[in-house]
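Chemist: Once you've had a glance at the structure underneath, I'll fire off some questions.
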């Protein structure tokens, strides 16, 4: 086990300025919140109208950009060039979006490949640029309220955000003139706000059901340490999906097709309004295009039941990973606007066998936690956050199988190095394929990056020593480095955003991983059986070539016939048949093997060191 | 090979109090976690990051008895992993367990019984590792570490088979 740690840090962070404030930002799918902490007390920052919850909506109104409530109003009025829920596109490539339902709400720029771009007001914009407008707005809001410069922030991301989406969020902050002190996971931030507020100790589940994403984290709070034990989630599951379900219901009731983006966005706004009304009232209606489609709470609950079930499947997964029973929790905390829905509270309560905490405002708690961490990072603190990486990272190996290098739910920062070698004489290059996901086979995981390590000096197979190091930093960002140890040929890879995992792919991969765990194991066993059988054939061939003289008449023919049956079995997908034929070979070669053994012992009585193991 | 015990400031022993391990881990991270080095020089931050990574490695390895035992052997220059060949007697033992598991693949009750007896065997094996390490009987420890690895794998397999049975039942009832 050889380990090498290499750190690739971007530019040096300047020392904190005393007069510049560090804020906490919850950059949400549907809305965002900015908060500040002073002496361990966090509070949300309000705008001039006394509002703390700012819609994450951007209106490109001719030459100027409007963010927040005004932009949402423009959207509800059917204005063009209004962009909402841009968080769902962070770190995605154009190809990622092709088969997803996401595209309906945006006018995508079809001209570009690589990172997705959205068209608005005659411009072609990246999600990073659009998110940076939201961040700029929040920054200005904070500067106005605090009366001083704001240049640093802790920004929260869904625990399930992949490398590309995390990197994109950091870039958006940079564009908005904010130095990111740390990206922290939303449920972890909520735990921080909740735990410090209640001075809690023990094991807690943070159920974070927001506008666009669902996260569940299991944490232990002890001695001021917030230790994440496991995390699971679904990055395409949130209140937005409920809005879409309502919209689909309305379209079906009225016998309409999906309308063009601006009109569809208006329908989604109306659907959201109806959903919110149903939180307190048993009846609501979707007002759109001058018509009202009635919607009752039972109708709505039937629509979203499977969505809630999916969140509970994630909870089961996270608890299993943490090795904890649902009822062993010391508390369950609800976070995110979607947890206001009465049905969600009931189902979560049933699952954990206890009434969840909702004392802190579920819309504000993440930003409050981020603000507390921003203060801790700039002013110092006795508390410590220890987080984990949500998805396993691995390399493609022979046979298209993934060798996991860093397992999901490993604590970060983390670096793991592994040594590889060449398998052909004179091989001078090695292809490295980095994947992310839980499945056994490469084709079922998401490809993050591919690169070729060149300049390996030509030598016999197996002599080169190539060390590949994966590093995940405290922000959850990945870098990969490869080095040939005999010559020092180096290569470092910054994982490109266009290769980033798509939201819906993470979700699909995890769901598939649970459903296909069995199929994967069978597949792997089959591959292993084939490899084993081929090795046996090679061994037998070698033995006959070397000790052919020990064969009795007719024995060679019998063995060769059995080897042929094994070859046929290898070509099939029947593992039992392969195993059976290999076992049959044992009987056929049994006495030949015995004769070889006797001959070997007779010859080897010379000297043999006593092996300590046997 | 750097000693994980040294990294966490713990005495070298196979028997380990998990609470003490946790405390050592938290203390070490309090000192070296990158969050403590925001605004410091790049060199300081790089050092903190690599230390923090090692501390995580040490904690993860020492937390699990099998990895802990393997690390103790590594410190003696003996490397054992999943690919290490077992001595013939152990191999026979392993194959017998596998066979029993497969024979009872459709029988939930006997699978549960197998899982229970595997857990007991693992407890005995863990004790044997502790005894062997205490008396520095390294060959004995090596064999027990190999055994613990196989027992753990067999237990995983038993759990997998039980999970499959349960899933199949759930499907039938649906």
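The values are calculated or read from the model by the stated rules, or taken from the named source; none is laboratory data. Small disclaimer: the values here were computed from a predicted structure and weren't measured. Virtual Cβ from ideal backbone geometry, glycine too; neighbours counted across all protein chains shown.
Chemist: Can we say residue B:113 is touching a helix residue (DSSP H, G or I) at 6+ places or on another chain (Cβ under 8 Å) and surrounded by 13 or more Cβ atoms within 10 Å (Cβ to Cβ)? Don't jump to the end; show me each part of the working.
Modeler: Numbers: touching a helix residue (DSSP H, G or I) at 6+ places or on another chain (Cβ under 8 Å): no; surrounded by 13 or more Cβ atoms within 10 Å (Cβ to Cβ): yes.
In short, no.
Chemist: Would you mention how many residues in region A:213-225 are crowded, with 24+ Cβ neighbours inside 10 Å and either part of a strand (DSSP E or B) or within 14 Å of another protein chain (Cβ to nearest Cβ) (or both)? If you could, list the steps in order and put the result at the bottom.
Modeler: Initial filter on region A:213-225 (crowded, with 24+ Cβ neighbours inside 10 Å): A:213-219.
Now narrow it down to the ones that are either part of a strand (DSSP E or B) or within 14 Å of another protein chain (Cβ to nearest Cβ) (or both): A:214-219.
Number of matching residues: 6.
Chemist: While we're here: Out of the residues in region A:374-389 that are in contact with a helix residue (DSSP H, G or I) (Cβ under 7 Å, 6 or more places away or on another chain) and more than 8 Å from chain B (Cβ to nearest Cβ), state the one that is surrounded by the fewest Cβ atoms within 10 Å (Cβ to Cβ). Write out each step before concluding.
Modeler: Here is the first cut: in region A:374-389, the residues in contact with a helix residue (DSSP H, G or I) (Cβ under 7 Å, 6 or more places away or on another chain) are A:377, A:383-387.
Narrowing the set further to residues that are more than 8 Å from chain B (Cβ to nearest Cβ) leaves A:383, A:387.
Values: A:383: 18, A:387: 24.
Only one residue tops the list, namely A:383.
Chemist: Now for a separate question. Looking at region A:400-410, is at least one residue farther than 15 Å from residue A:480 by Cβ, touching a helix residue (DSSP H, G or I) at 6+ places or on another chain (Cβ under 9 Å), part of a strand (DSSP E or B) and within 11 Å of chain B (Cβ to nearest Cβ)?
Modeler: No: region A:400-410 contains no residue that is farther than 15 Å from residue A:480 by Cβ, touching a helix residue (DSSP H, G or I) at 6+ places or on another chain (Cβ under 9 Å), part of a strand (DSSP E or B) and within 11 Å of chain B (Cβ to nearest Cβ).
Chemist: Among A:309, A:299, which is surrounded by fewer than 17 Cβ atoms within 10 Å (Cβ to Cβ) and more than 24 Å from the chain's Cα centre (by Cα)?
Modeler: Details: A:309 fails: more than 24 Å from the chain's Cα centre (by Cα).
Result: A:299 is the single residue among A:309, A:299 that is surrounded by fewer than 17 Cβ atoms within 10 Å (Cβ to Cβ) and more than 24 Å from the chain's Cα centre (by Cα).
Chemist: Helices (runs of 4 or more DSSP H) wholly in region B:1-92 with at least 2 residues that are farther than 26 Å from residue B:140 by Cα and within 12 Å of chain A (Cβ to nearest Cβ) - which ones?
Modeler: On the way: elements: B:4-8, B:18-32, B:42-63, B:65-75.
Passing ranges, in order: B:18-32, B:42-63.
Chemist: Residue by residue through region B:124-143, note down the ones that are within 14 Å of chain A (Cβ to nearest Cβ) and either in contact (Cβ under 8 Å) with a residue 24 or more places away in the chain or not in a helix (DSSP H, G or I) (or both). Let's see the steps before the verdict.
Modeler: Filtering region B:124-143 for residues within 14 Å of chain A (Cβ to nearest Cβ) gives B:132, B:136-143.
Within region B:124-143, B:136, B:137, B:138, B:141, B:142, B:143 meet the criteria.
The rows are residues; the columns are (1) more than 21 Å from the chain's Cα centre (by Cα); (2) part of a helix (DSSP H, G or I).
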{"position": "A:170", "(1), (2)": "no, yes"}
{"position": "A:194", "(1), (2)": "yes, yes"}
{"position": "A:203", "(1), (2)": "yes, no"}
{"position": "A:211", "(1), (2)": "no, no"}
{"position": "A:236", "(1), (2)": "no, no"}
{"position": "A:258", "(1), (2)": "yes, no"}
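Chemist: Follow-up. Regarding region A:426-443, can at least one residue be identified that is within 14 Å of another protein chain (Cβ to nearest Cβ), over 30 Å from residue A:189 (Cα atoms), modelled with pLDDT of 80 or more and outside any helix (DSSP H, G or I)? Spell out how you get there, then give the answer.
Modeler: Within region A:426-443, the subset within 14 Å of another protein chain (Cβ to nearest Cβ) is A:440.
Next, only the ones that are over 30 Å from residue A:189 (Cα atoms) stay: A:440.
Now narrow it down to the ones that are modelled with pLDDT of 80 or more: A:440.
Subsequent filtering for residues that are outside any helix (DSSP H, G or I) retains A:440.
The answer is yes; a qualifying residue exists.
Chemist: Got at least one residue in region A:319-327 being closer than 30 Å to residue A:150 by Cβ and away from chain B (no Cβ under 14 Å)?
Modeler: Keep residues of region A:319-327 that are closer than 30 Å to residue A:150 by Cβ, which gives none.
Scanning region A:319-327, I find no residue that is closer than 30 Å to residue A:150 by Cβ and away from chain B (no Cβ under 14 Å), so the answer is no.
Chemist: Out of A:263, A:278, which single residue is in contact with a strand residue (DSSP E or B) (Cβ under 7 Å, 6 or more places away or on another chain) and either in a helix (DSSP H, G or I) or away from chain B (no Cβ under 14 Å) (or both)?
Modeler: Working: A:263 fails: in contact with a strand residue (DSSP E or B) (Cβ under 7 Å, 6 or more places away or on another chain).
Going through A:263, A:278 in turn, just one is in contact with a strand residue (DSSP E or B) (Cβ under 7 Å, 6 or more places away or on another chain) and either in a helix (DSSP H, G or I) or away from chain B (no Cβ under 14 Å) (or both): A:278.
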